[in-house]
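Here, each number is a calculation from the coordinates, and none is a lab measurement. Computed from a prediction, not measured in an experiment: that's the story for all the values here. Note that we place each Cβ from the backbone using ideal geometry, even for glycine, and neighbour counts take in every protein chain shown.
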Amino acid sequence: MRKNSSSKLRVKNMPRFLTLSVLSLILIVMIMMSLFFLMTKMAAAFHSQAQILQTSSANSSETNAPKSETTNNTTNKNIKADPPPQVNNADPFADIKSRLRSGDTDGIKVVFLTFDDGPSDDTGELLDTLADYNIKGTFFTTLHDNDHAKNMYRRIVDEGHTLANHTSSHDYGLYDTPEAFFADVDALDQFQKKITVQDNTSRIFRFPGGSMNSNEACIQGILDRGYNYSDWNVSSGDGCADPPPSDVIAQKIIESCRQHDVSVVLSHAELKSSSREAMSVVIETLQEEGYTFLNMEADYTYPRHLEL
């Protein structure tokens with residue numbers, strides 16, 4: 001009887017165990033489903049938030065891009081607004097002139113074309129030639145009191161050449177009487193000032209025949225009067241009554257200039273046709289070789305045949 005009773009008890013307990021197991025399984029499944037649903041929602045929310053952040057970042061970049069471009073443009077504008085260092089182009093020969101004043105003339109290749117004894121009937125044509133090449137020369141004039149000469153004095157100054165003093169009379173005999181010599185120099189100085197309406201002349205002087213024909217008293221007196229005097233180291237050979245042909249004159253000047261850093265070329269204002277033709281050849285040839293043509297100024301150093 002106990003055996004049967006025990007069996008019944010076990011039979012009756014089996015459904016309860018099964019019921020509990022099913023309920024637990026259902027509960028577990030529900031919990032897992034809830035967790036899965038919750039995780040899905042969270043993942044969706046996270047993904048949505050990530051898209052929002054990404055979109056926001058992209059928009060921010062796009063918004064900032066124009067600002068960056070604006071900044072760059074502003075910077076560029078600021079750069080353009082600042083003017084570059086200004087180069088003084090008022091005088092293209094300023095550096096060369098500075099070297100002439102300081103005595104730094106090694107390899108400088110400067111030529112001074114000088115013309116003695118005018119103005120003459122040929123001075124106008126000479127000035128035309130210099131104007132064609134935009135070259136400035138130096139004119140050591142004497143006193144010529146006629147209308148044509150007066151026009152030439154003015155034209156020499158007006159066109160930017162140097163009007164220099166070569167005495168009024170070009171009289172070598174005045175070297176023997178220095179006071180008469182100085183009076184002759186002063187007479188031309190006053191005449192040039194009157195004709196050209198210039199308060200100050202160039203204070204450049206050349207002794208007739210060069211300083212070797214002068215003497216110590218005359219040279220010292222010229223220096224004491226504030227003149228800077230110049231002889232020459234290149235001669236055109238056109239001062240004689242029958243000058244050489246133009247090609248000979250040109251070649252002589254060119255070859256002589258090549259031997260000097262600073263060349264002072266002696267020519268004469270009363271140019272024969274051969275001399276006028278030679279000037280063009282000289283200028284073109286030496287310019288192609290890198291030479292600079294200048295007119296004289298009072299504070300340069302020039303060749304002198306006689307030094308005190």
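Electrostatic tally near Lys150: other residues with Cβ closer than 14 Å to its Cβ, Lys and Arg +1, Asp and Glu -1, net 0. Proximity of backbone amide H atoms, modeled 1.01 Å from N, is registered between Ser263 and Val110, Val111, Phe112 at under 5 Å, excluding neighbours fewer than 5 places apart on the same chain.
Rounded to the nearest Hz, the phi-derived 3J(HN,Hα) couplings of the range 218-227 under the Karplus curve 6.51 cos²θ - 1.76 cosθ + 1.60 (θ = phi - 60°) are 5, 5, 5, x, 5, 5, 5, 8, x, 8, where x marks glycine and proline.
What FRET efficiency would be calculated for the residue pair Asp91, Asn134, taking the C-beta separation as r and a Förster radius of 22 Å, to the nearest 0.05? Step by step, r from the Cβ atoms, then E = 0.95. With θ taken as phi - 60° and the Karplus curve 6.51 cos²θ - 1.76 cosθ + 1.60 applied, the whole-hertz 3J(HN,Hα) list for the range 280-288 is 4, 5, 4, 5, 4, 5, 6, 4, 5 Hz, x standing for glycine and proline.
Subtracting the Cα-Cα distance of Asp224 and Asp158 from their residue separation scaled by 0.36 nm leaves 20.9 nm. Each residue of the range 292-308 is assigned a 3J(HN,Hα), and the resulting list reads 10, 9, 10, 9, 6, 10, 5, 9, 8, 9, 10, x, 10, 7, 10, 9, 7 Hz, derived from the Karplus form 6.51 cos²θ - 1.76 cosθ + 1.60 (θ = phi - 60°), x at Gly and Pro. Short to long, the 5 Å bins of the Cα pair-distance histogram for the range 95-294 hold 1, 7, 16, 19, 20, 17, 12, 6, 1, 0 percent of all pairs.
Stretched out straight at 0.36 nm per residue, the stretch from Ala183 to Ala217 would grow longer than its current Cα-Cα span by 10.8 nm.
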